[in-house]
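Following: one structure in structure tokens, then a few remarks.
The values are calculated or read from the model by the stated rules, or taken from the named source; none is laboratory data. Everything numeric in this text was worked out from a predicted model, so none of it was measured. Methodologically, a virtual Cβ is constructed for each residue, glycine included, from the backbone with ideal geometry; neighbour enumeration extends over all protein chains shown.
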Amino acid sequence: MSTTTPHAPLPLSEDFIQDAHTVAAQLRASAPVRFVELPGGFPVWLVTGHAEARAAVTDPRLSSDGVYDRLERLRLGGGEDTESHFAPELAKNLLNLDPPDHTRLRALITKVFTAGAVAPLRPRIEAIADELLDAMDAGGDQAELLADYALPLPIRVICELLGIPFADRDRFTAWSRTMVAASTPEEIGAASVQMAGYLGELVEDKRRTPGDDLLTRLVHVSDDDGDRLSRDELIATAVVLLTGGFETTVNLISSGTLALLRHPDQLALLRAEPQLLPQAVEEFLRYETPNNLSSPRYATEPVELGGVTIPEGHFVMVSWLAANRDGRFADPDRLDITRTAGGHLAFGHGIHYCVGAALARLEGEIAFGRLLERFPDLALAVSEDALRWRFSTAMHGLETLPVRLRPGH
């Protein structure tokens with residue numbers, strides 16, 4: 001039996017970010033689907049249960065079509081005629097479309113972004129990891145793992161893969177982080193316009209002067225009927241691949257390292273049995289899910305989910321982080337790198353499953369393997385209380401991670 005809409009959403013404080021697992025557990029215990037107000041003031045039906053999460057993202061009545069336009073109007077406090085600050089070129093992205101448009105776009109993208117295309121990157125990713133670790137090693141007994149390793153590794157990889165100048169990393173990193181942070185609509189809109197303009201110029205350059213990179217292949221890819229990606233679709237796709245190509249992996253590497261340092265028994269086990277690396281990466285993805293929230297959806301009609309009825313027009317978001325600590329996993333709050341972690345939702349589920357999952361897994365496996373091999377005495381250089389999580393409801397990632405590379409003298 002479902003309940004009706006509450007009069008007001010439950011306001012969530014910054015604890016939703018800084019103490020995410022505690023808040024997620026409380027929400028899950030009270031109701032797996034709950035009407036809340038996220039930090040920053042966004043009202044949404046938040047899904048925290050694993051079964052309810054899978055149901056939500058496969059229910060065609062919960063639509064992604066034009067959802068970011070709707071979200072922007074809500075954040076601006078206006079109606080259908082409210083002018084959006086968000087770059088119009090970004091509307092044709094995978095997270096903003098339903099089938100059949102989504103099906104067509106994803107089919108074209110997956111022609112060039114496949115697990116087979118990712119596997120040959122292993123030697124280059126290993127070389128980049130080693131270069132960064134060399135620099136850390138030469139810098140002294142301490143390092144800032146996030147800035148020195150977890151961030152530049154996936155950025156260099158995605159830049160090389162897409163054919164984007166690495167020298168521009170500071171600009172697009174700043175735009176990306178604004179777009180996924182709990183920023184104002186004006187700030188998000190400005191960042192999106194700058195990102196779209198930058199990538200639009202890059203797309204035209206790839207059209208004029210093709211290179212041996214993924215963005216060039218996307219510019220020129222077509223299906224059997226000659227269908228191609230439009231300019232706006234290329235820009236929108238590049239934004240999703242660029243942002244998703246490093247944001248998730250940065251958090252995987254840094255949060256996974258922190259999880260190991262907090263659990264010396266698991267760290268010792270992984271050092272003793274490095275063949276567990278693929279399993280360990282899956283467990284890090286489950287245990288400290290890099291993406292807290294899914295992209296938003298909205299109800300096209302009243303939808304019953306998790307014992308409540310979501311009214312037509314209301315927004316719905318899944319907390320992957322909460323769903324991955326659900327009781328469907330044995331002892332879910334325990335880090336266990338020997339766990340068979342099948343069924344976690346760190347890369348989503350359904351038609352919007354992350355197209356870059358294979359790349360993130362490969363980067364994670366290499367990053368952890370090389371780091372632990374190079375620094376057998378790796379330890380936190382600050383107390384755990386000194387660590388803070390980035391102010392983002394979308395991403396679950398640390399601000400910094402100071403580490404000690406060698407034993408102190």
- Do any residues in the stretch 339-355 that are touching a residue at least 60 places away in the same chain (Cβ under 8 Å) have Cβ atoms under 6 Å from those of residues that are of a type in the set (Ser, Thr, Tyr) and surrounded by 21 or more Cβ atoms within 10 Å (Cβ to Cβ), where the two are at least six apart or on different chains, and which pairs are they? ALA346/THR289
- The residue from LEU269, LEU293, LEU252 that alone is of a type in the set (A, V, I, L, M) and touching a strand residue (DSSP E or B) at 6+ places or on another chain (Cβ under 7 Å) is LEU293
- Task: State yes or no: is GLU282 closer than 30 Å to ASN93 by Cβ, in a helix (DSSP H, G or I) and over 13 Å from the mean Cα position of the chain (by Cα)?
- Result: yes
- Just a yes or no: is a residue in the stretch 169-183 of a type outside the set (Val, Ile, Thr), under 15 Å from GLY356 (Cβ atoms) and in contact with a helix residue (DSSP H, G or I) (Cβ under 6 Å, 6 or more places away or on another chain)? yes
- Matching option when the condition is part of a helix (DSSP H, G or I), β-branched (Val, Ile, Thr), more than 22 Å from the chain's Cα centre (by Cα) and crowded, with 17+ Cβ neighbours inside 10 Å, among THR237, THR216, THR173: THR216
- Does any residue of the stretch 324-343 turn out to be more than 22 Å from the chain's Cα centre (by Cα), buried (at least 17 other Cβ atoms within 10 Å of the Cβ) and modelled with pLDDT under 95? yes
- Message: Give me the residue from the stretch 205-250 that is over 28 Å from GLY348 (Cα atoms) and of a type outside the set (Asp, Glu) and, out of that set, modelled with the lowest pLDDT.
- Response: GLY226
- Residue in the stretch 287-298 that is farther than 23 Å from SER30 by Cβ, aliphatic (A, V, I, L, M) and buried (at least 17 other Cβ atoms within 10 Å of the Cβ) present: no
- Quick check: is even one residue across the stretch 139-151 modelled with pLDDT of 90 or more, surrounded by fewer than 20 Cβ atoms within 10 Å (Cβ to Cβ) and in a helix (DSSP H, G or I)? yes
- Among what's in the stretch 293-347 and is outside any loop (DSSP other than H, G, I, E, B) and among the β-branched types (Val, Ile, Thr), pick the residue that is nearest to PRO278 (Cα to Cα). VAL318
- The helices (runs of 4 or more DSSP H) lying entirely within the stretch 13-87 that contain at least 3 residues which are modelled with pLDDT under 95 and either crowded, with 20+ Cβ neighbours inside 10 Å or in contact with a Leu (Cβ under 9 Å, 6 or more places away or on another chain) (or both) are 67-76
- Query: If ALA119 passes every condition in (1) loosely packed, with under 15 Cβ neighbours inside 10 Å; (2) modelled with pLDDT of 95 or more; (3) of a type in the set (A, V, I, L, M, F, W, C) but one, which one does it miss?
  - Reply: (2)
- Message: Being closer than 29 Å to LEU161 by Cβ, more than 17 Å from the chain's Cα centre (by Cα), buried (at least 16 other Cβ atoms within 10 Å of the Cβ) and at pLDDT 95 or above narrows it down to one residue among LEU398, LEU371; which is it?
- Response: LEU371
